Amino acid sequence: MTAPGEHLELLKNAVRQSVAALTVVEVDTVARAHELVDLLKFESENRPSALLSLTAVPGAATTLLDASRKITGAWHSGTGVLFLVDDGQKTDEKAPRFWADMNAQRESWDALNCHIIFFLLPSNYRLLLQVAGHLADWMPLKLHITDLADVSGYEEKDRASYQSAVLGAGKLTPKIAGQQLAILEQQLSVALHEGVQRKTLARRYYLPMFEAAMSLSDLNRAQSLRQKVPEKDLQAGDIIKWWGMNFWLDFLLHHLNQAEIWANTPVF
């Protein structure tokens with residue numbers, strides 16, 4: 001899985017649980033941002049959400065904050081997701097003033113007590129880091145999603161694609177894998193306490209944690225996690241990824257007969 005796919009998985013995992021947080025995502029187009037918003041609304045299920053346009057001009061920060069307060073004021077603490085989407089206007093010489101105002105208001109943004117996700121084009125993303133450094137420091141997830149074309153690679157249904165996925169599947173980078181495990185462990189603890197259904201636990205937590213453990217070559221942890229993922233609980237789009245990871249785990253454990261069975265599992 002390439003960097004956009006890794007970052008997309010982190011973003012999806014971040015919105016699946018009701019938490020108050022600040023996240024920023026650099027995107028290449030406004031259309032990409034709206035595509036991601038639609039995807040995340042599905043991932044957040046029936047929790048409240050709203051979208052506001054972000055225009056980086058002087059005075060707009062206060063207007064945006066006021067509008068955000070009105071929307072989120074009716075939400076239960078930590079439940080909602082507020083999407084702030086770069087409107088795509090050309091950044092001019094006055095844009096740094098906007099980000100300086102946002103930086104000064106960082107405590108007010110944090111006090112909204114919902115998950116706020118900024119989708120920024122490259123120019124505004126750079127200004128966030130340069131001018132609003134303190135606000136950026138309050139954003140533990142800084143993601144970059146510029147191409148979603150390769151994210152669904154494991155969902156191809158032909159035999160050649162399956163063999164490619166099993167024999168050449170890319171790993172999460174160690175940094176991304178570690179971040180994913182840290183996020184999912186916290187969310188899993190809450191989900192277990194709330195009595196989330198087994199099928200949901202398998203798809204949302206145990207399967208991506210299994211993938212992260214494999215990327216870190218933590219084979220003992222990977223073995224433990226795969227025991228918590230009944231194949232019947234997975235969605236169709238996850239099955240090929242599941243087979244591929246099981247192949248590699250058994251191969252690395254020198255369970256070669258079982259690895260061969262996974263490698264020859266028919267797609268249909």
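The values are calculated or read from the model by the stated rules, or taken from the named source; none is laboratory data. Keep in mind the model is a prediction, meaning the values are calculated, not measured. Cβ atoms come from the backbone with ideal geometry, glycine included; neighbour counts cover every protein chain shown. These area figures cover heavy atoms from the full protein model, side chains too; ligands, DNA and RNA do not enter into them. Shrake-Rupley method; radii C 1.70, N 1.55, O 1.52, S 1.80 Å.
Screening S224 with (1) among the small types (G, A, S); (2) buried (at least 18 other Cβ atoms within 10 Å of the Cβ); (3) free of Cβ contacts under 8 Å to residues at least 40 places away in the same chain gives one miss only, at (2). Residues of the range 182-203 being in a helix (DSSP H, G or I) and open to solvent by 100 Å² or more (accessible area, probe 1.4 Å), which ones? If the condition is that a residue be in a helix (DSSP H, G or I) and open to solvent by 100 Å² or more (accessible area, probe 1.4 Å), then Q186, H193, E194, R198, K199 are the ones that fit.
The one condition from (1) part of a helix (DSSP H, G or I); (2) at pLDDT below 90; (3) out of contact with any helix residue (DSSP H, G or I) (no Cβ under 6 Å at 6 or more places or on another chain) that N220 does not meet is (2).
For the range 77-118, a tally of residues being of a type outside the set (D, E, K, R) and touching a Pro at 6+ places or on another chain (Cβ under 8 Å) returns 4. Residues in the range 1-51 that are modelled with pLDDT of 85 or more and of a type in the set (K, R): K12, R32, K41, R47. Residue count for the range 118-135 under the criterion of being closer than 20 Å to K175 by Cβ and at pLDDT below 90: the result is 1.
Scanning the range 67-78 for residues that are touching a residue at least 40 places away in the same chain (Cβ under 8 Å), open to solvent by 30 Å² or more (accessible area, probe 1.4 Å) and either part of a loop (DSSP other than H, G, I, E, B) or under 19 Å from L127 (Cβ atoms) (or both) yields one hit, S77. Assess whether L207 counts as being under 20 Å from L11 (Cα atoms) and at pLDDT 85 or above. In short, yes. Pull up the range 1-40, narrow it to residues that are without any contact (Cβ under 8 Å) to a residue 40 or more places away in the chain and either open to solvent by less than 10 Å² (accessible area, probe 1.4 Å) or out of contact with any helix residue (DSSP H, G or I) (no Cβ under 7 Å at 6 or more places or on another chain) (or both), then point me to the one that is nearest to L128 (Cα to Cα). So, considering only residues that are without any contact (Cβ under 8 Å) to a residue 40 or more places away in the chain and either open to solvent by less than 10 Å² (accessible area, probe 1.4 Å) or out of contact with any helix residue (DSSP H, G or I) (no Cβ under 7 Å at 6 or more places or on another chain) (or both), the one nearest to L128 (Cα to Cα) is A31.
If you filter the range 1-52 down to residues that are touching a Pro at 6+ places or on another chain (Cβ under 8 Å) and part of a helix (DSSP H, G or I), you find that the one that is nearest to E194 (Cα to Cα) is N13.
Listed here are the residues, each with its yes/no results for (1) at pLDDT below 85; (2) in contact with a helix residue (DSSP H, G or I) (Cβ under 7 Å, 6 or more places away or on another chain); (3) farther than 22 Å from A263 by Cα.
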| residue | (1), (2), (3) |
| --- | --- |
| Q163 | yes, no, no |
| Q186 | yes, no, yes |
| S189 | no, no, yes |
| H193 | no, no, yes |
| M214 | no, yes, no |
| Q227 | no, no, no |
| D233 | no, yes, no |
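Cβ separations smaller than 7 Å between residues 6+ apart or across chains give no pair from the range 174-193 residues that are touching a residue at least 60 places away in the same chain (Cβ under 8 Å) to residues that are part of a helix (DSSP H, G or I) and open to solvent by 60 Å² or more (accessible area, probe 1.4 Å). Applying the condition of being within 16 Å of the chain's Cα centre (by Cα) and of a type in the set (A, V, I, L, M) to the range 71-83 and asking which residue is nearest to K41 (Cα to Cα) yields V81.
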